[in-house]
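Since the structure comes first, as structure tokens, the remarks are kept for the end.
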Amino acid sequence: MTFDLITMGRVSVDVYPAQVGVPLEDVESFGRYLGGSPTNVAVAAAKYGRSAAVITRTGDDPFGRFIHKALKEYGVDDRFVTAVPGLPTPLAFCEIFPPDDFPLYFYRYPKAPDLEIRADELDLEAIREARIVWATVTGLSQEPSREATLTALGEHPGQTVIDLDYRPMLWADPTEAPHWAGLALERASVAIGNLEECEVAVGEREPRAAAQAILDRGPGLAIVKMGPDGVLAASAGEVVEVPPVKVDVVNGLGAGDAFGGAVCHGLLAGWDLRRTIEFAGAAGAIVASRIACSAAMPAAAEVAELLEERR
């Protein structure tokens, strides 16, 4: 089977509070959701009817079985999801203080199984045949995932996306991140990151300078997320700036993943750059207005309706 999208890297069970504006020590009930940025991106793409699969690893435990079950329910192929005996499936907790404070607490000890993805176990034929391959900078934080991530990006002959997804707490030495992010950029055709992530990857925080620095490293498309200022996207011959879609934010944590899945949908559809970024921004806004991440991913009609309302 040829997939529209294969994502690779982080997976978790997200345990999010049902109460908004309450610190974790006082939360009385939680919801359990499929999580992990590249996993959420695959779910988002599947909501648009795209064939999607995830390359990741879980623990050999009930939470790992939940991940397989949830992926299937969302229409994401789980054939490349394998268990690592002896390592627990990661959990991620958050606190929800709208509009812009969402502390995350990762339980990825002693080591996350998704960092045990190995290059010699990759299905390189499936990777080469996929229309888009998506990987993350977090996947570069440890071996053997680092080699596997660079291998997957290097093997794919078409569109490859590097999500500059930077979580300093997941690096033993965060000062190594710029070097490995740079190597990934050389193998990617598209790069997506917020201002902090761009600064880590290419040393630039000003949006246009960051986009140009990304393009200079090899990708043909740089997408810089500017928070409340919207999104700037640049290629060699075009720069597009799109303002944010205003919503009442409940939990901003899944918005970037919804944005990423929507970008992939636009690329697969052959849309022009502005249409792709406008659609992605609206998708992200919808998820920001909800508590969950994967469970909150919108369908295309819902995104189109929001865009029409805002015109």
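The values are calculated or read from the model by the stated rules, or taken from the named source; none is laboratory data. All values reported here derive from a predicted model rather than from experimental measurement. Positions of Cβ are generated from backbone atoms using ideal geometry, with glycine treated the same way; all protein chains shown enter the neighbour counts. What goes into the accessible areas is simple: the full protein's heavy atoms, side chains included, and nothing from ligands, DNA or RNA. Shrake-Rupley method; radii C 1.70, N 1.55, O 1.52, S 1.80 Å.
Below, the figures for the structure above:
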{"quantity": "Relative contact order [Cα under 8 Å, 6+ residues apart], region 79-133, whole percent", "calculated": "31"}
{"quantity": "Charge dipole magnitude, Cβ of K and R +1, D and E -1 - the chain, Cα centre, debye nearest 20", "calculated": "520"}
{"quantity": "Fluctuation leader among 256, 36, 230 - the chain, Gaussian network, Cα springs under 10 angstrom", "calculated": "230"}
{"quantity": "DSSP beta bridge pairing in region 91-205, given as percent antiparallel to the nearest 5", "calculated": "40"}
{"quantity": "Solvent-accessible surface (1.4 angstrom probe) belonging to residue 100, in square angstrom, nearest 10", "calculated": "130"}
{"quantity": "Ranked by how many other beta carbons lie within 10 Å on average, peptides 120-129, 171-180, 47-56 from highest", "calculated": "47-56, 120-129, 171-180"}
{"quantity": "At q = 0.13 Å⁻¹, base-10 log of I(q)/I(0) for region 1-136 (Debye sum, equal scatterers on each alpha carbon)", "calculated": "-0.57"}
{"quantity": "DSSP bridge orientation in the chain - percent antiparallel, rounded to nearest 5", "calculated": "40"}
{"quantity": "Amide H contacts under 5 Å for residue 220, placed H, 5+ residues apart", "calculated": "190"}
{"quantity": "Taking only Cα atoms of region 238-311, radius of gyration then Dmax in Å", "calculated": "11.4, 35"}
{"quantity": "For the chain, built as a Gaussian network whose Cα springs stay under 10 Å, the top-fluctuating residue of 204, 28, 186", "calculated": "28"}
{"quantity": "Between region 10-51 and region 144-213, the Cα center-to-center distance that results, in Å", "calculated": "24"}
{"quantity": "Residues with amide H under 5 Å from that of residue 30, placed H, sequence gap 5 or more", "calculated": "18"}
{"quantity": "³J(HN,Hα), Karplus 6.51/-1.76/1.60, whole Hz, each residue of region 185-200, x for Gly, Pro", "calculated": "4, 5, 9, 10, 9, 9, 10, 10, x, 7, 5, 5, 5, 4, 4, 5"}
{"quantity": "Structure-based [θ]222 nm, the chain - -39500 (n - 2.57) summed over DSSP H runs of at least 4, per residue, nearest 500", "calculated": "-10500 deg cm²/dmol"}
{"quantity": "Whole-Hz ³J(HN,Hα) from phi, Karplus 6.51 cos²θ - 1.76 cosθ + 1.60, for region 227-237, glycine and proline x", "calculated": "x, x, 9, x, 9, 10, 10, 9, 10, 4, x"}
{"quantity": "Kirkwood Rh in Å, taken over all unlike Cα pairs in the chain", "calculated": "19.1"}
{"quantity": "Hull shadow area, averaged, region 65-136 [alpha-carbon convex hull, nm²]", "calculated": "7.0"}
{"quantity": "Listed residues 145, 29, 189, most fluctuating in the chain (Gaussian network, C-alpha, under 10 Å)", "calculated": "29"}
{"quantity": "Computed over region 192-262, the ratio Rg/Rh where both radii use C-alpha atoms and Rh is Kirkwood", "calculated": "0.98"}
{"quantity": "Percent RCO, i.e. relative contact order, over the chain, from Cα pairs under 8 Å lying at least 6 residues apart", "calculated": "17"}
{"quantity": "Additional length obtainable on full extension of the chain from residue 305 to residue 73, 0.36 nm per residue less Cα span", "calculated": "81.0 nm"}
{"quantity": "Cα gyration tensor shape for region 56-96, rounded if a/c is under 1.5, else prolate or oblate", "calculated": "oblate"}
{"quantity": "Surface accessible to a 1.4 Å probe, per residue, for the residues of region 24-91, Å²", "calculated": "43"}
{"quantity": "Per residue, the convex hull volume that the Cα atoms of region 186-308 enclose (Å³)", "calculated": "102"}
{"quantity": "Distant-in-sequence amide H partners of residue 239 (H built 1.01 Å from N, under 5 Å)", "calculated": "none"}
{"quantity": "Rule-of-thumb Rg ratio for region 117-210 [Cα; 2.2 N^0.38 Å; N residues]", "calculated": "1.05"}
{"quantity": "Dipole-positive endmost among 203, 242, 98 within the chain (Cβ charges, Cα centre)", "calculated": "242"}
